[in-house]
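In what follows, a structure is listed as structure tokens, so that the remarks can point back to it.
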Amino acid sequence: MIARRLVTLTVLALAMSAPAWGAPPAAAASDERVAQPEWLRQRLEWFQDQRFGLFVHWGIYSQWGCIESWPLVPADTWARPDDLACWVERGKDIERFQRDYVALNRTFRPRHFAPDRWARLAKRAGMRYVVFTTKHHDGFSMFDTRQTDFRVTHPDCPYSRSEQPDIVRAVFDAFRKRGFGIGAYFSKSDWHCPWYWDKDRPIRDRNPNYDTLAEPERWATFVKFVHGQVEELVSNYGPIDILWLDGGQVRPPKQDVRMDALVAMARRHQPRLIVVDRTVGGPHENYRTPEQKVPEKPLPYVWESCLTMGTQWSWKPDDQYKSPCELIHLLVDVVSKGGNLLLNVGPDADGRFAEPAVARLEAIGDWMDVCSEAIHGTRPIAPYKEGRVCLTRKKDGTVCAIILATEGETAPPAEVTLSAPRPKKGATVRMLGSAAPVAWTAGPDGTTFALPASARRDPPCRHAWVLRFEPAGG
């Protein structure tokens, strides 16, 4: 993922982020539709039912608490380099920084890596799927690949001598045991691979440092490398639901990794695999992934906002985390517009989530214990949001009106008015978590709901409250 302080994201007409590497906006970022087979439509229905997932960025970079991978690229050196302590410690010398960074595999020894604890926390928060960084752009593989020595299971890495050195296997097994959908993040670009960045030539930007069209044999070797790693992931690690491909600059004509063949191979091993060739467009970007933002309105395709709980994707000492209220409101906002929220937490060098992150996952879980039916398995319903009320629709047609707390508000308001949709005549309106019925009256300007006094005295949850009713005409 691209750190927010390194790039400026452009808002498109549909509030979709442009490719962060400066390529022309993908066709997929428009309203252009790609024909999908029935089995894939069904799989995307399953994906939309999940609504809330955990993103985990973890790798050798976590030892420094620095931004993942991007410091390796000279063209992406910092506008404010003094912000990066590990850069300053190396005299702002890019060559020294690169040399020390790629040696981090020799000190990676997470002493408290316990993926079952991650899975328990995610389950507690009401998350339904996980996407884990099997390999970021820096090329360090968190799985037992045979394509490179730059991996967690190689003897050069101290963690290779642990009881279970294959981190990807441990993560996928732990989450799968708790019923999670499994997503494998994989970077198509690889800045450690000599067939992507030739070590004997200067490195300037995130692209190959040679002309791939003039040296097709070198590029073909890289393509074989990519296919080999992906095949290992889809054939050796049990059922995988999502192949989440990053590095969108890797696309034809100059960086053609033969996506048709790659996806066909992956689906021979995983026939129901959803593929996300993000920002590239076309038939292999099965859903879209606006980054670090929530679109202003519903989008006409399947999508997922990927957002950080803190300020960067990987762990950072003393990071500033969004509040529980802000995170719950983000989840509601995304889901009411028809999207999924993929919320990122970066573990530290020892494999632990920071205590503020743990506290926020637990707070979200407290809210989801009461209100999850307004999230899981829902779809958007117009007008999506009115004032501070967001709307979702369950598959049986029931409407959930989610009232967002204002700043400092600890109890539901005395009443709220909604212009549409209206409850069915004679319908009983309930507040989730409260046994008391909600009185309502229909008027020319909409429906006014009088929230129960008991629920105001003793709110069933914090940060947002849900009214549930059968709509007129439903």
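All of the numbers you see were taken from the coordinates with simple rules; none came from a lab. Just so we're clear, the structure is a prediction, and the values are computed from it rather than from any experiment. Cβ coordinates were reconstructed from backbone atoms using ideal geometry, including for glycine residues, and neighbour counts include every protein chain displayed.
Quick notes on this structure:
- For region 300-316 versus region 374-448, the gap between their alpha-carbon centres in whole angstrom: 28 Å
- DSSP beta bridge pairing in region 280-410, given as percent antiparallel to the nearest 5: 55 percent
- The trypsin sites (Lys or Arg not before Pro) found in region 422-474 that occupy coil by DSSP, while having at most 14 further C-beta atoms within 10 Å, are Lys425.
- Only one item in (1) 75, 45, 42; (2) 104, 64, 43; (3) 67, 53, 51 matches Cα extents along the principal axes in Å derived from the coordinates shown, and that item is (1).
- Gain on full extension, evaluated as 0.36 nm per residue between Arg161 and Arg272 minus their Cα-Cα distance, stands at 36.5 nm.
- Using alpha-carbon coordinates, inclination of helix 216-236 to the longest axis of the chain, degrees: 50 degrees
- Spacing of the two label points (7 Å from each Cα toward its C-beta) at Thr311 and Arg201, in nm: 3.7 nm
- Antiparallel content of DSSP bridges confined to the chain, in %, to 5: 50 percent
- When each of the peptides 152-158, 327-333, 340-346 is scored by how many other beta carbons lie within 10 Å of its residues on average, the order from highest to lowest is 340-346, 327-333, 152-158.
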